[in-house]
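What follows is a single structure, written as structure tokens, with notes after it.
Rule-based calculations on the coordinates, nothing more; no lab input. Computed from a predicted structure; not experimentally measured. Virtual Cβ from ideal backbone geometry, glycine too; neighbours counted across all protein chains shown.
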Amino acid sequence: MKFYLSLLLLFSTFFLTRGQTTKIIYQDSIGYPATPETFYTKRVIEFNEKITVEKKFNAKNYLIQTTEFSDFTKKIKSGWQKNYYENGHVKSQVLYQNNLKTKRYTSYYQNGQVKEEGDFVYDKKNKKIDYLILNYYGENGEKLIANGNGSATMDSENGTETGRFSDGKKEGTWEGMDTRIRRSFVEEYQGGEFVSGYTIDSLNQKIDYKKPIINLNTRNNRGIDDFYNYIIKNLSDLKYNINFYVLLQFNVTSKGKVTHVIVDNSIFPEIENKIVQLIYNYKDFIPLIVRGIPIEATFHIPVQTFSEEE
């Protein structure tokens, strides 16, 4: 028998309503199972005939996000993803199609006033999705960026940054603070393309970097492909003739160590436990690097096996 892996990257209750099945999952701050009394995040998943909607609630039981999926098992987003303030107002929204962001992105202030508008555009030459900003408004309603041109100080979940846009893309010098690494940074852009950057810490120590983000990698520089090959090799001795799909969540620390492995949509515990142990034993990860600084981050990796009798 052979096994193949396709590259696609709790405490729960069920109840039924008309034409729909609902699943509720309670999790602690790192994703482990929790109870209705102790949860940090609650996920309410509504399975319908054509689309599945996942609703996330915070520890105060406020709705913070809704996401529409065409295939929830494989986490294929097709539809709207919306984030919410605790007052119930929409914080941001974007439309997905087969896991790709499409059409307009819009974010809002807590009072419901529009904050940012932009479009996701497919770059055929480089085969990637570019984000082009259209308009950006200050809290008093002043239009700081109009039709992709202007300057503004912008905030996000990872800090703040100040700079200029030209035709919807970053241009010239950008300065900011990244809360993930607790450092200020200075970067240069040309036509939306990153040119150079450096960070400075509280002791005025400087680190230059060639990319703002370097994704999770492996020591032989083959990336996630090497990790999947490792999983394939070590599953080859399994004596099961079954097909299954699971979504794995785990952290990789700033030192490259794997922690907090969790299996979502668990079906075959014996096989999944072996996969979990394999992940814990993997020693070749190079962590996510943000602006020259390695950080701990959470990753979601799908594992799908197809068996063949020989």
Original post:
How much space per residue, in cubic angstrom, does the convex hull of the C-alpha atoms of the range 47-109 take up?
Top reply: 84
**OP:** Please find the FRET efficiency linking residue 221 to residue 104, where r is the Cβ-Cβ separation and R0 is fixed at 41 Å, and quote it to the nearest 0.05.
**Re:** 0.65
Original post:
Over the Cα atoms of the range 89-212, Rg to Rh with Kirkwood Rh, two decimal places?
Top reply: 0.98
Original post:
Give me the log10 of I(q) over I(0) for the chain at q = 0.14, 0.15 Å⁻¹, as the Debye formula computes it from C-alpha points; what are the numbers?
Top reply: -1.37, -1.50
**OP:** Can you check how the C-alpha radius of gyration of the range 11-155 compares to 2.2 N^0.38 Å, as a plain ratio?
**Re:** 1.23
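Can you give the Rg/Rh ratio of the range 147-228, where Rg is from the C-alpha atoms and Rh is the Kirkwood radius?
Result: Rg/Rh = 1.06.
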